Amino acid sequence: MEKAGLIIALILILVSAIVVFNTIRLVVYTSKDEISVMKLVGASNVYVRGPWLSLGSCTGSFGIIALVLMAAFAYWSDLALLRFAGVEIATDFGMVVNVLSRYFSQKFQSDLRDHHGAGIIPRRSL
């Protein structure tokens, strides 16, 4: 049964990677005219890539927030189900979640500081 779950997970990871790559390719293809006009008027590579980097960082930030919310809901619902079933809740799992959430929170803050300092995110937006 575990092998079936592993195979399904690998298939879903492969499908999601294909969807992401095709989406990126589609976005670049639809923006081909805009990129060529920017290049014709003398825009540097950094100036052309800037909007895509900021869009990617914002999308990634929203994805991280959604992930944290879904993980918190999954943790809460798991605890509620275990309490309802009368099972003792392991404190080690809570400690692991605390350590991971603290790590990702600090990582997000440092990434936000780096993007802010590099000028990818304008200062007035923070």
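No lab work stands behind these numbers, since they all come straight from the coordinates. Predicted model only: the values in this text are computed from it and were never measured. For neighbour counting, all protein chains shown are included, and Cβ atoms are generated from backbone atoms with ideal geometry for every residue, glycine included.
With the cut-off at 1.5 for a/c, could you classify region 9-85 from its C-alpha gyration tensor as rounded, prolate or oblate? Because a/c hits 1.5 or more and a/b exceeds b/c, region 9-85 counts as prolate.
As a proxy for reagent exposure, ranking 102, 49 by other Cβ atoms within 10 Å from fewest up yields 102, 49. As a proxy for reagent exposure, 38, 70 were ordered by neighbouring Cβ count within 10 angstrom, fewest first; the result is 70, 38.
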